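Before any comments, here is the structure.
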Amino acid sequence: MNKAELIDSVAQHSEGMSKTQLGGVVNALFDAIQQELAKGGNVTLIGFGTFATAQRAARTGRHPRTGEPMSIPAAKTVKFTAGKAFKDLVNQDAAPKAKGKAKKK
């Protein structure tokens with residue numbers, strides 16, 4: 001799903017708002033999350049998850065064409081940790097099936 005499809009999906013559940021207005025809301029949401037992360041903060045959406053920044057240490061990698069070692073500098077990265085309700089929703093079909101029948105007493 002891309003951004004336009006996301007806006008279309010939200011528009012199906014929203015009454016009284018045009019796709020243009022919803023596009024502005026989606027853009028404002030993304031901008032707010034990006035600005036907070038750029039300041040070093042976290043964004044926690046209860047039931048959905050948490051957006052946060054993390055520090056990636058400098059390391060040595062390999063050049064893909066030549067195989068020679070190369071230095072990869074330290075950098076900040078963005079991480080997302082899904083909330084419990086989100087994980088449960090994604091995994092509801094992945095619940096293990098009971099093997100065999102329960103024993104009767």
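Every number here is computed from the coordinates shown, using simple stated rules; none is lab data. It should be emphasised that the depicted structure is a prediction, and the values quoted were computed from it without experimental measurement. Note: ideal-geometry Cβ built from the backbone for every residue, glycine included; neighbour counts use all protein chains shown.
Points to keep in mind about this one:
- When the helices of the chain are scored as -39500 (n - 2.57) per DSSP H run of n ≥ 4 and the total is divided over every residue, the value at 222 nm lands at -11500 deg cm²/dmol.
- Label zone at Ala38 (point 7 Å along Cα-to-Cβ), backbone N below 16 Å, the range 1-27: 27
- Label point distance in nm, Phe80-Leu29, each placed 7 Å from Cα along Cα→Cβ: 1.1 nm
- Of the residues Ser71, Gly41, Gln12, the one whose Cα sits farthest towards the positive end of the charge dipole of the chain is Ser71 (charges of +1 on Lys and Arg Cβ, -1 on Asp and Glu Cβ, taken about the Cα centre).
- Overall, the ratio between the Cα radius of gyration of the range 41-93 and 2.2 N^0.38 Å, rounded to two decimals, is 1.72.
- Extent along the principal axes, Cα only, for the chain: 64, 54, 30 Å, with the longest axis given first.
- Potential lengthening of the chain between Ala94 and Arg59 amounts to 9.0 nm, from the contour at 0.36 nm per residue minus the alpha-carbon distance.
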